[in-house]
Amino acid sequence: MDEVTFKSDTVLSDVHLYTPNHRHFMVRLNGMGQPVFLSQFKLLWNQDSQTDSGTEGGRHGMGPAEETPPSRPGSARPPLGSGCSSDITSQEGVGARLDEDGDLDVERRPRAASDPEPAGPPRDKVHPTILTQEEDDPLADEAQESSPQDIIRIEHTMATPLEDVGKQVWRGALLLADYILFQRDVFQGRTVLELGAGTGLASIIAATVARTVYCTDVGTDLLAMCQRNIALNSHLTAAGGGVVKVKELDWLKDDLCTDPEVPFSWSQEDVSDLYSHTTILLAAEVFYDDDLTDALFKTLSRLAHKLKNACTAILSVEKRLNFTLRHLDVTCEAYDHFRSWLQRLERLADGRLRFAVEPVEASFPQLLVYERIQQLGSCASAPFLRMTE
């Protein structure tokens, strides 16, 4: 196996950052050689309505529960909730090693290959252990016929380069999923298009009530991850009768890809259904780069001209504060650029198109277990909006 290296120029979602380290279990490598993890998020279907606007003390859990891979035959597995790995458990009761003077003898780390004249025999370098390698069948043996109805299972990566952040789970996607669960009647029987779907979490939740959900993004590896997550949660979508179709939709291109030789391309029937029946557009946590924000709003404008029905775009974003040397102050430039686009759309006078922007306060019930912070739900910053044509 090639050596796995981790670069410093990576981004890690807070959803994964606050998950305890001992619950980060890697299940495979994706097609690009990136470690893939499996998390499960609890759905609060049967609990009383609760609200959480990010105020102190109003927190539902510390984040997702990472799911451990199935134990191999004959392997020991610690009981759930023990908080200890099997390696730690197996070392209990082993006596400390002392030298001839009675001092603790600490085992040194392996020497690098470049060290001159090692004192002892050469030792292997330490590498991450890969549990399974991705095979041609993306579902392998992990799709279960019967899964809990209150659990959504999501495969994702962690600590990715900026161009691969869609492979992580972000709080904005969880907030959007919460809103869908809260507004089930709005989505009932509808055709929905999600732009920049990432891991597909919001699309999966939408399919529990919608008729058809087009889960779109770019990149074969990312779209394959979406497809895998949809299969892992087929127990949820089957109950509602919804269908999720994973498709490529590049914001930098004017037309949809209809080449049957290209993975995740569009059939003519799907294109016709999309333009004839779509009434809801979704996007979550895709406003972190000004160029991408420009491309998304231009895509929304193109779609609005082609869709036969009036539609509502529901956009979710976390307002991130950053200190910049240019301003020597704390700013949120990406969010400000996002807001400038909304103001531009409100002023748009383009014949039959007219957009109304409505901020939605994130005080609706929390039906997924995650940390809902103020930057997701503050009425003043209005980071969660409905945009109606």
Of (1) among the hydrophobic types (A, V, I, L, M, F, W, C); (2) without any contact (Cβ under 8 Å) to a residue 60 or more places away in the chain; (3) touching a helix residue (DSSP H, G or I) at 6+ places or on another chain (Cβ under 6 Å), A210 satisfies every one except (2)
Please determine, by comparing only the residues of the stretch 240-255 that are loosely packed, with under 12 Cβ neighbours inside 10 Å and touching a residue at least 12 places away in the same chain (Cβ under 8 Å), which one is nearest to A177 (Cα to Cα). L252
Residue selected from the stretch 339-381 under the condition within 24 Å of Y288 (Cβ to Cβ) and hydroxyl-bearing (S, T, Y), by the criterion modelled with the highest pLDDT: S340
Quick one: is A334 at pLDDT 90 or above and either open to solvent by less than 20 Å² (accessible area, probe 1.4 Å) or within 24 Å of the chain's Cα centre (by Cα) (or both)? no
Say whether the condition of being touching a residue at least 40 places away in the same chain (Cβ under 8 Å) and under 29 Å from L348 (Cα atoms) is met by at least one residue in the stretch 256-271. no
Which strands (runs of 3 or more DSSP E) sit wholly inside the stretch 128-231 and have at least 3 residues that are modelled with pLDDT of 95 or more, touching a strand residue (DSSP E or B) at 6+ places or on another chain (Cβ under 6 Å) and surrounded by 22 or more Cβ atoms within 10 Å (Cβ to Cβ)? 191-194, 212-217
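The values are calculated or read from the model by the stated rules, or taken from the named source; none is laboratory data. If you're wondering where the values come from, they're calculated on a predicted model, not measured in any experiment. Every residue, glycine as well, gets a Cβ built from its backbone with ideal geometry; the counts of neighbours run over all protein chains shown. With ligands, DNA and RNA removed, areas are computed over all heavy atoms of the protein, side chains included. Shrake-Rupley method; radii C 1.70, N 1.55, O 1.52, S 1.80 Å.
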